[in-house]
Amino acid sequence: MSTAAAPASKPVNSPAQVLLASLIGTTIEFFDFYVYATAAVLVFPALFFPDSDPTSALLQSFATFSIAFFARPIGAIVFGHFGDRIGRKTTLVAALLTMGISTVIIGCLPSYHQIGILAPLLLAVCRFGQGFGLGGEWGGAVLLATENAPPGKRSWYGMFPQLGAPIGLLLSSGAFWILLHFMSQDDLLSWGWRVPFIASIVLIAIGLWVRLSITETPEFQKAIDKEERVKVPLKHIFARHKRSLFLGTFVALVTFVLFYIGSAYLLSYNVKIREMNFISALEIQIFGSIAFGIFIPLSALLAQKFGRREILIVTTVLIGAFSFILPSLMGGSDLNVFIFSMSAMALMGMTYALIGTALAAPFPANVRYTGASLTFNFAGIVGASLAPYAATWLQSNFGLAYVGYYLLLASVITLICIFASGKDEV
């Protein structure tokens, strides 16, 4: 065939386009997600559960926080189906809109004092919407990066969407920190808490503009060209990839437990138990998010040199060892708490950098969106949905040592599942 007769080649995404589109989407999604987590500690107990004692109100607030984790697998199924049938690009745009609209609505909700029991019910519905959107966002963003990666660069490319988590945490904590510097705590409870939720509409617009500029990933385009798409990706996953789904869920277990102990639970512990002022508690979280972000690229570089599986094993062992000093750090001075936050989030960066690529690796391109998303979000249910609640309950009833045992148990389970997975599966 002559070159003149060859079909025009489709535009190829540049590395900068790919990495920016994967990073900005997860940054926005995690900003929205963590704004809720911060508000769940600082303002929601008083605004949506005021008739309960402080501990019960906090636990109820954490219960609505956990709803999103049960919504995420549903989002993974729905968005994963369309991502594996229609394409990554269109599905990622829909996921971003779902998450963003839910977040903006939360910022407009009336409080319990205004509409009674309907207020926490509406809050729960919107939190479900956040989880539903994030369930479809994460897997697509990871695939957007890794399916455009050149040979030998998957861990490095797969690191970029993971950077959205610490950046989102930094922006959400920073937003509340700034608000508390310009308004009283009463003003924050009255109206100021709404600002980060409603302002996310600006980030959503930027994210949509970037996402709409990209083309389909080369690997999925090959699946289209070769007519390899399956009719029902979910059915295919459970028929042929149950083992990868199960092991991947628990490979990611300690990642989730560590993160929510080191963020949402630590924030509530500092404010409610240590009686630290809001600003100081947020400052610790801000510095922790910086450590989180720094160790993500470091981990990706180490994985390129020594292997992704090997770095995950070493990091999981370090997390298990860290669980033994958790009580002395959290129960010590403010400096010890700061050291705890920096250490926990540094370890989080080491494991989180690689978990996206690891969870996507076992699945073929025609069902990878569904498989990776389901695995990640099942891990969110078992590892994250109840982590702040469980840690609060364990600390209240048995002491901080049992929070450490909780983290240790998660690290042991993760380590077993990493060893049970083959080298090509993690």
Checklist entry - Are any of the pairs Lys153/Lys305; Lys153/Lys423; Lys222/Lys423; Lys153/Lys231; Lys89/Lys423 more than 21 Å apart by Cα-Cα distance, and if so, which? => result Lys222/Lys423; Lys153/Lys231; Lys89/Lys423
Item to check | For the range 14-420, Kirkwood radius (reciprocal of mean inverse C-alpha pair distance, Å) | outcome: 20.9 Å
Checklist entry - By count of other Cβ within 10 Å, fewest leading, how are Glu275, Glu216, Glu147 ordered? => result Glu275, Glu216, Glu147
Checklist entry - Could you give the nm distance between label points at Tyr402 and Ile294, where each point is 7 Å from its Cα heading toward the beta carbon? => result 3.5 nm
Item to check | Cleavage-rule hits, chymotrypsin sites (Phe, Trp or Tyr not before Pro), the range 388-426, DSSP coil, Cβ neighbours within 10 Å at most 13 | outcome: Phe398
Item to check | Mean Cβ neighbour count within 10 Å, used as a protection proxy, ranking 323-330, 159-166 highest first | outcome: 159-166, 323-330
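Using a 10 Å cut-off on Cβ atoms, rank the peptides 239-248, 345-354, 93-102, 294-303 from the highest mean neighbour count down.
345-354, 93-102, 294-303, 239-248
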Item to check | Approximate spin-label separation Leu189-Glu310, in nm, with each point projected 7 Å along Cα-to-Cβ | outcome: 5.5 nm
Checklist entry - Would you list Lys235, Lys153, Lys423 from fewest to most Cβ contacts within 10 Å? => result Lys423, Lys235, Lys153
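Each reported figure results from applying straightforward, stated rules to the coordinates on display, with no laboratory input. Being a predicted model, the structure only gives us computed values, none of them experimental. FYI the Cβ positions are ideal-geometry reconstructions off the backbone, even for glycines, and counts take in every protein chain you see.
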